[in-house]
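Participant: This structure is in structure tokens; I'll ask about it shortly.
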Amino acid sequence: MRILVSNDDGIHSPGVRLLAQSALAIGSEVWVVAPERKWTAASHQLSFDRDLTLTRMGDRMYACSGAPADCVVAAMTVLFGNGSRPDFVLAGINDKRNVAEDIAYSGTAAIAREATFWGVPAISLSREQCESDGAGDLEALRCLLRLLWSGRADWAAEGHWLSINLPATLPAPLTQARVGRDKIGAAADILETSPDRMRYRLRRGRPGTISAGDENACLEAGKISVLRYCWFAEAPLPEEVIAAWQDAIG
């Protein structure tokens with residue numbers, strides 16, 4: 001089985017190394033395509049109108065000069081352009097949790113979402129404390145991946161992917177979480193101001209908002225948080241609303 005591993009923290013991050021090692025529990029052909037550098041809040045940008053490079057860093061390991069989502073596109077169109085796409089895509093392990101509004105900002109989530117655009121099952125994994133304690137973390141992750149891959153018929157529908165947040169200590173109980181509200185980048189520090197120009201810096205961090213059953217609550221309880229997302233989840237308006245708009249414009 002062919003597995004693609006990517007992340008948004010860069011090719012040299014400990015999280016991508018641990019995830020690639022863990023992926024060997026379910027497939028012998030593990031490829032890593034990750035950005036050359038760390039990206040923060042890269043979201044789902046793709047790099048058009050400029051050249052990109054893939055640099056071989058080792059056996060089945062490449063650094064991409066583009067954004068996190070570019071890594072998936074590079075794998076699908078350059079490395080596996082002959083049609084032999086991966087069977088599974090794993091994103092992470094992100095350094096810091098991905099919760100609440102992070103689903104829109106996160107490059108890790110974008111990797112998993114991009115994989116579903118190509119019809120490939122995907123999981124994004126994040127962890128507040130990403131340093132590995134060695135064999136304990138590795139075996140716990142291998143067990144988790146074996147479980148999720150063997151049970152993919154229960155979650156891997158079209159356009160869907162899993163978002164997993166890991167607590168600091170593994171192994172841990174697993175629970176389905178609710179989407180929370182805990183916005184990063186909610187404040188700015190004004191550094192300089194004049195009548196025509198203001199210089200400021202977006203403040204890092206989040207308020208730490210917790211509501212019952214959300215991802216933060218699960219992590220605070222020492223549990224593995226599981227959420228399934230769908231990129232084409234629609235919220236249709238009532239037909240009478242559209243009809244009223246149509247009447248208004250004639």
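The values are calculated or read from the model by the stated rules, or taken from the named source; none is laboratory data. It should be emphasised that the depicted structure is a prediction, and the values quoted were computed from it without experimental measurement. Cβ sites come from the backbone with ideal geometry, for glycine too, and all protein chains shown count toward neighbours. For accessibility, only protein heavy atoms count, side chains too; no ligands or nucleic acids. Shrake-Rupley method; radii C 1.70, N 1.55, O 1.52, S 1.80 Å.
Participant: Read through the labelled values (1) 1.10; (2) 1.03; (3) 0.96 and report the label of the one computed as Cα Rg over 2.2 N^0.38 Å from the structure.
Facilitator: Looking at Cα Rg over 2.2 N^0.38 Å for this model, the match is (1).
Participant: OK, next. Out of ALA140, ALA67, ALA42, any idea which swings most in a Gaussian network model of the chain, alpha carbons joined below 10 Å?
Facilitator: Most flexible of the set in this elastic network: ALA140.
Participant: Can you tell me the accessible area per residue over the range 44-174, all protein chains present, probe 1.4 angstrom, in square angstrom?
Facilitator: Result: 43 Å² per residue.
Participant: Please sort 169-181, 219-231 by packing, taking for each peptide the average over its residues of neighbouring beta carbons within 10 angstrom, highest first.
Facilitator: Order by mean packing, descending: 219-231, 169-181.
Participant: Can you list the HN-Hα couplings for the range 194-206, worked out from phi with the Karplus curve (6.51, -1.76, 1.60; θ = phi - 60°), rounded to whole Hz and with x for Gly and Pro?
Facilitator: Running phi through 6.51 cos²θ - 1.76 cosθ + 1.60 with θ = phi - 60° gives 8, x, 10, 7, 10, 10, 9, 10, 5, 7, 6, x, 9 Hz.
Participant: Which lysines have a Cα lying under 17 Å from the Cα of LYS183, excluding residues fewer than 8 positions away in the same chain?
Facilitator: LYS96
Participant: When the Karplus curve 6.51 cos²θ - 1.76 cosθ + 1.60 is applied with θ = phi - 60°, which whole-Hz ³J(HN,Hα) does each residue of the range 141-152 get, with x for Gly and Pro?
Facilitator: Result, rounded to whole Hz: 5, 4, 5, 5, 5, 4, 4, 5, 5, 5, x, 5.
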